[in-house]
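A.B. asks: Sharing a structure with you now.
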Amino acid sequence: MPGDMGHGIAKVLVENNFKVLTFLKGRSKRTLKLANEARVINIDNFVNINLITTPHIGASTNEAQLKAGLETVENIKKILAGDSSVEI
């Protein structure tokens, strides 16, 4: 369903001590609920924010969402540690 992949990735990032921000204006009640459950921070704009984006990968199962989230977290950790092997 719409919102499942983003919710899954956000949940893993938050569980690994990352702050996840989003702009939820105009989104469905379900999306608002999922974002709240994942402890995603709703903001009014993206001014002065360093942004990390992930591609849409069609992670349609819980396992695929978890894998995508964990890979994203691992890549972020590598980048922060100065590992240049991660493609940006």
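Taken together, the values in this text are just the output of simple stated rules run on the coordinates, not laboratory data. Note that this is a predicted model, so its numbers are computed, not measured. FYI the Cβ positions are ideal-geometry reconstructions off the backbone, even for glycines, and counts take in every protein chain you see.
A.B. asks: Cross-link list Lys33/Lys78; Lys11/Lys78; Lys29/Lys78; Lys19/Lys78; Lys29/Lys77: which exceed 27 angstrom alpha carbon to alpha carbon?
C.D. replies: Lys33/Lys78; Lys29/Lys78; Lys29/Lys77
A.B. asks: Still on this structure, I have one more. Can you order the peptides 27-40, 65-78 by their average number of other Cβ atoms within 10 Å per residue, highest first?
C.D. replies: Result, highest mean Cβ count within 10 Å first: 65-78, 27-40.
A.B. asks: Let me ask something else about it. Under 1.5 on a/c is rounded, so check that first for segment 4-80, then, if it is not, pick prolate when a/b is larger than b/c and oblate when it is not; a ≥ b ≥ c are the square roots of the alpha carbon gyration tensor eigenvalues.
C.D. replies: oblate
A.B. asks: Can I ask one more? Need one number: nm distance between label points at Phe23 and Ile41, each 7 Å from Cα along Cα→Cβ, rounded to one decimal.
C.D. replies: 1.7
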